[in-house]
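These notes are about the structure you will find just below.
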Amino acid sequence: MSRPFAFLGCRLLDPASGLDTVGGLLVRDGRIADLGPHLRADGLGPDIERIAADGLCLAPGLVDMRVRLGEPGSEHKERIDSAVAAAAAGGVTSLAALPDSRPPLDDPAMLEFVARRARKLKSVKVHPCACLTRGGEGRQLAEMGLLREAGAVAFTDGGRAVADARVMLRALAYATAFDALVVQHPEEPALAAGGAMNEGAVATRLGLPGIPSCAEVILIERDLRLVEATGARYHLGCVSTAAAVEVVRAAKARGLPVSCGVTPHHLLLTEAEVEGYRTYAKVSPPLRTEEDREALIAGLADGTVDVVASDHTPQDQDSKRVPFAQAAFGVVGLETLLAAALELWHDGRIGLLELLGAMTVRPAALLGIEGGRLAVGAAADLLLFDPGARWTVTEAGLRSLSKNTAFEGREFRGRAVRTLVDGRTVFAREDAAT
Amino acid sequence: MAAAPPRSHRHLLGIASLATEEIEALLETADGFVDLNRRSDKKLALLRGLTQINLFFESSTRTRTSFELAGKRLGADVVNMSVGASAIKKGETLIDTAMTLNAMHPDVLVVRHHDSGAVALLARHVRCAVINAGDGTHEHPTQALLDALTIRRRRGRIAGLTVAICGDIAHSRVARSNILLLTRLGARVRLVAPPTLLPAGMERQYGVTLFHDMRAGLEGADIVMMLRLQSERMQGSFVPSLREYFRFFGLTWEKLASARPDALIMHPGPMNRGVEIDGVVADDIDRSAILDQVEMGVAVRMACLDHLTRHLREAA
């Protein structure tokens, strides 16, 4: 076993316990052995390596609930190793892989293939989600029980909504037998069909087919009736509209087992990004209006929105350097998740613990995985970050094979300095002091 | 080498990116070409030695012919390229096509494409002037310019006129370019259409007024501009039927009666007689400016070609 070590003089941030104090954290045998303000250099035994981390923040490693790994099927856009490297550089220590690959992950053997490939890298923990319906086609139920045994942490058809209400009702009902989390892509397919961006004045001016805002809330309202009927645990992968936030807030008040996530791009950007037919602003759900963005931030601040996830979707140049309507949806986000989310804290929109909670303990709890907290005995999945470090997003600086970031050229404040999984450093920034 | 001309002069991608003075200048030049086109010797040498490629990803007879005549009358070597669906299926991307053509050193590319923004995308990958001959449902700037020239010659002005644009606004690049140009030149623009053919957010961003009733929309109008309704949109998806559409939104003498007595009728063509316009109305030479529009089209396109290639002549 490697030598025990301690980070000293850092700001400890644990959203689960509300801990926010300057102190130290001791790691022994890949687990957190001790933490708190009492841990100082002078009190440690001689065998313990001391790592000065003054001025830095130490938090649980991030848990990203929505990541597309590129494997299997799109290895030219991303591979598990490149995705994991990007995740580590972004401070992510656990990620949930979406199953809408080619072929989709709807079979226990496929799921195990992905998990095994990821385990071999001995880096970021990869937890595959499985398809909710066979082939992600929205017609027949996937083998939820067997897939759960194979390690599926959630069930979802990824970027596709389950359109058929009867199929959704049965999927939700069946999921309760295994206490499985069902993740929906809230977009009524008939209303969204053919759409390329948010419907409204900008789409009209650009002459692009729109996706109406109501496509989101209509599907959510339908599903909430089904959730009410079945009691299934239901999560909305990423919401984009003020109406969705309002409906989820009311559903939570009624006690329904519902949760929802947002992406950093929906929190920071609006449909105005599409001006000039910028295909890197083509995402699903689409970027919406300023009022929607404000409602998402308010929802995050008051806890209606549970999770911030990257919805990391690698697309190569050939998928994006085409006319807007033909371009593929999605942006990469693993490496900008932390920094983009921190913008809200820097702007005074949300507390640091609340914000980190949406990227650590809350997604971990929803997925039922270890991690996301600083506690004695917990796995040492850690993120050491410099909250004020200024840096600019460049394509060349990204570790993802695909460079389709929505934040190209943007200056952020805050960046991972070091990322540890089970006490092993899986990423350390070379130009950083620690 | 001469210094590169300002970017806004290199391409004509839309009315939105034209300054009002540029619009006025194009209309002035075009006005002069109208007379030239009526002479028996129609040939000038302004574009002699230059190569113009008409690159059409969407079928078109009249616009392509109009651009071809315009180029030839100015002395350019004009090549027509129709890229059908089959070529796209072969896998060549728009940017590949752009770079391939660019390697042949054309001086002007006239491009029509079925996707909004595609012409601007292509323009970024070529080193010659690009004219947008219609991109998706975004813009069709030369159509708006020729409509403006038609109105100006028939009415003497544009400022202060009331223009009713009627029909399938949602899927019309002609409507968008015309709204931008006519409001810029001081006309009051009304849009008349069933709600399913009026896209969101028109009123506020363009300063236009919306109507769902033809008689109310045409009340006191100086210009009635009809738009083509594509056949695939007539059968229940956007409007219930052809006969219902004609009944409520087709231009007839009866509906036209609420417009000014001398109101001018326009249509970008090709017309669907008995769908958006009664054939008898379209054929009335006192009221219909439809054939004027075709004539002005050649003149306006000559003006655009002239303006976009001026820097080449100055450099020579």
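The values are calculated or read from the model by the stated rules, or taken from the named source; none is laboratory data. Since the structure is predicted, the reported quantities are computational estimates derived from the model, not experimental observations. FYI the Cβ positions are ideal-geometry reconstructions off the backbone, even for glycines, and counts take in every protein chain you see. Note: areas computed on protein heavy atoms with side chains; ligands, DNA, RNA excluded. Shrake-Rupley method; radii C 1.70, N 1.55, O 1.52, S 1.80 Å.
Helix A:337-346 and the long axis of chain A differ in direction by around 80°, with both axes built from C-alpha atoms. Each part gets one Cα centre, and for segment A:1-65 versus segment A:187-263 those centres are 40 Å apart.
For segment B:148-232, run through the trypsin sites (Lys or Arg not before Pro) and keep only the ones in DSSP coil with at most 12 other Cβ atoms within 10 Å of their Cβ. Present the calculation step by step, with values, prior to reporting the outcome.
Numbers: sites: B:Arg152, B:Arg153, B:Arg154, B:Arg155, B:Arg157, B:Arg173, B:Arg176, B:Arg184, B:Arg188, B:Arg190, B:Arg204, B:Arg215, B:Arg228; in loops: B:Arg157, B:Arg228.
Here the trypsin sites (Lys or Arg not before Pro) that fit, given the DSSP loop and packing criteria, are B:Arg157.
Looking at segment A:231-349, the accessible area is 28 square angstrom per residue; that uses a 1.4 Å probe and ignores ligands, DNA and RNA. With semi-axes defined as the square roots of five times the eigenvalues of the C-alpha gyration tensor, the equivalent ellipsoid of chain B measures 33, 22, 17 Å, largest first. About its Cα centre, chain A has a charge dipole of approximately 640 debye under the convention of +1 per Lys or Arg Cβ and -1 per Asp or Glu Cβ, with nothing else charged. For segment B:244-294, trypsin sites (Lys or Arg not before Pro) are listed when DSSP marks them as loop and at most 10 other Cβ atoms sit within 10 Å of their Cβ; the list is empty.
Per-residue ellipticity at 222 nm, computed for chain B from helices alone with -39500 (n - 2.57) per DSSP H run of at least four residues, works out to -12500 deg cm²/dmol.
In order along segment A:353-365, phi translates into HN-Hα couplings of 5, 4, 5, 5, x, 6, 10, 9, 5, 5, x, 4, 5 Hz, rounded to whole numbers, per the Karplus curve 6.51 cos²θ - 1.76 cosθ + 1.60 with θ = phi - 60° and x for Gly and Pro.
Would you please classify the overall shape of segment B:42-200 from the alpha carbon gyration tensor, given that a ≥ b ≥ c denote the square roots of the eigenvalues, rounded means a/c under 1.5, and beyond that prolate means a/b larger than b/c while oblate covers the rest?
Verdict is oblate for segment B:42-200.
Annotation: amide H-H contacts under 5 Å for A:Arg28 (H modelled 1.01 Å from N, sequence separation of 5 or more, or interchain): A:Ala33.
Mind running the shape call on segment A:1-129? Use the C-alpha gyration tensor, a ≥ b ≥ c as the square roots of the eigenvalues: rounded below 1.5 for a/c, prolate if a/b tops b/c, oblate otherwise. Prolate shape, in that a/c is at least 1.5 and a/b is the bigger ratio.
Can you give the angle from 0 to 90° between the axis of helix A:242-253 and the longest principal axis of chain A, with both taken from C-alpha atoms, to the nearest 10? The angle comes out near 70 degrees.
If one takes the accessible area of chain A alone plus chain B alone and subtracts that of the pair, with a 1.4 Å probe, what total in Å², rounded to the nearest 100, results?
Accessible area lost upon association: around 1300 Å².
For chain A, take the longest principal axis of its alpha carbons; what is the angle in degrees between that and the long axis of helix A:80-89, to the nearest 10 within 0 to 90? So the inclination is approximately 60 degrees.
With contributions of -39500 (n - 2.57) from each DSSP H run of at least four residues, the per-residue ellipticity at 222 nm computed over chain A stands at -8000 deg cm²/dmol. For segment B:244-316, the equivalent ellipsoid derived from the alpha-carbon gyration tensor has semi-axes of 37, 13, 9 Å in decreasing order. When chain A is treated as a Gaussian network with alpha carbon springs shorter than 10 Å, the biggest mean-square fluctuation among A:Ala396, A:Ala118, A:Ala163 belongs to A:Ala396.
In segment B:94-109, the residues whose accessible area drops by at least 30 square angstrom when the other protein chains are added to the isolated chain are B:Ile95; the probe is 1.4 Å and only protein heavy atoms count.
Taking the Cα atoms of segment A:64-107, the ratio Rg/Rh between the radius of gyration and the Kirkwood radius comes to 0.97. For the cross-link pairs A:Lys125/A:Lys403; A:Lys252/A:Lys320; A:Lys77/A:Lys252; A:Lys122/A:Lys282, the ones whose C-alpha atoms lie over 31 Å apart are A:Lys252/A:Lys320; A:Lys77/A:Lys252; A:Lys122/A:Lys282.
What part of the accessible area of the protein assembly as shown, given as a whole %, is carbon or sulfur when the probe is 1.4 angstrom? Carbon plus sulfur share of accessible area: 51 percent.
Alpha carbon centre of segment B:243-316 versus segment B:178-206: separation in Å? Rounded to whole Å, the Cα centres lie 17 Å apart.
For a test of the definition: using alpha carbon positions, the gyration tensor, and the 1.5 limit on a/c, classify segment B:198-287 as rounded, prolate or oblate.
Here segment B:198-287 falls in the oblate category.
Take every DSSP beta bridge whose two residues both sit in segment A:111-237; close to 10 percent of them are antiparallel. In segment A:258-281, burial by the other protein chains removes 50 Å² or more of 1.4 Å probe accessible surface, compared with the chain on its own, from A:Tyr277. Of the GluC sites (Glu not before Pro) found in segment B:67-155, those that fall in a DSSP loop while having at most 14 other beta-carbon atoms within 10 Å are B:Glu92. In segment A:181-215, what residues drop by 20 Å² or more in accessible surface going from the chain by itself to the full protein assembly, probe 1.4 Å? Buried by 20 Å² or more upon assembly, which counts only protein chains, are A:Ala201, A:Thr204, A:Arg205, A:Gly207. In segment A:198-250, the alpha-carbon atoms span a convex hull of 76 Å³ per residue.
Rolling a 1.4 Å probe over the protein heavy atoms gives chain B an accessible area of 42 Å² per residue.
GNM on chain A, alpha-carbon springs under 10 angstrom: the most fluctuating residue among A:Leu296, A:Leu98, A:Leu191 is A:Leu191. The 3J(HN,Hα) values that the Karplus relation (6.51, -1.76, 1.60; θ = phi - 60°) gives for segment B:285-300 are, in residue order, 5, 6, 9, 8, 10, 5, 6, 4, 4, 4, 5, 5, x, 5, 5, 5 Hz. Gly and Pro appear as x. Of all lysines in the structure, those lying under 27 Å Cα to Cα from B:Lys42, and not within fewer than 8 positions of it along the same chain, are B:Lys72. For segment B:1-160, a crude dipole built from +1 on the beta carbon of Lys and Arg and -1 on the beta carbon of Asp and Glu, taken about the Cα centre, is about 460 debye to the nearest 20.
In terms of accessible area, using a 1.4 Å probe and ignoring ligands and nucleic acids, A:Trp391, B:Trp253 rank largest first as B:Trp253, A:Trp391. Only the Cβ atoms of Lys and Arg (+1) and of Asp and Glu (-1) were treated as charged; on that basis the dipole of segment A:121-207 about its Cα centre amounts to roughly 200 debye. The value given for the protein assembly as shown is a Kirkwood hydrodynamic radius of 28.7 Å, derived from the mean inverse Cα-Cα separation. Counting heavy atoms of the protein chains alone, B:Ile285 has an accessible area of about 140 Å² for a 1.4 Å probe.
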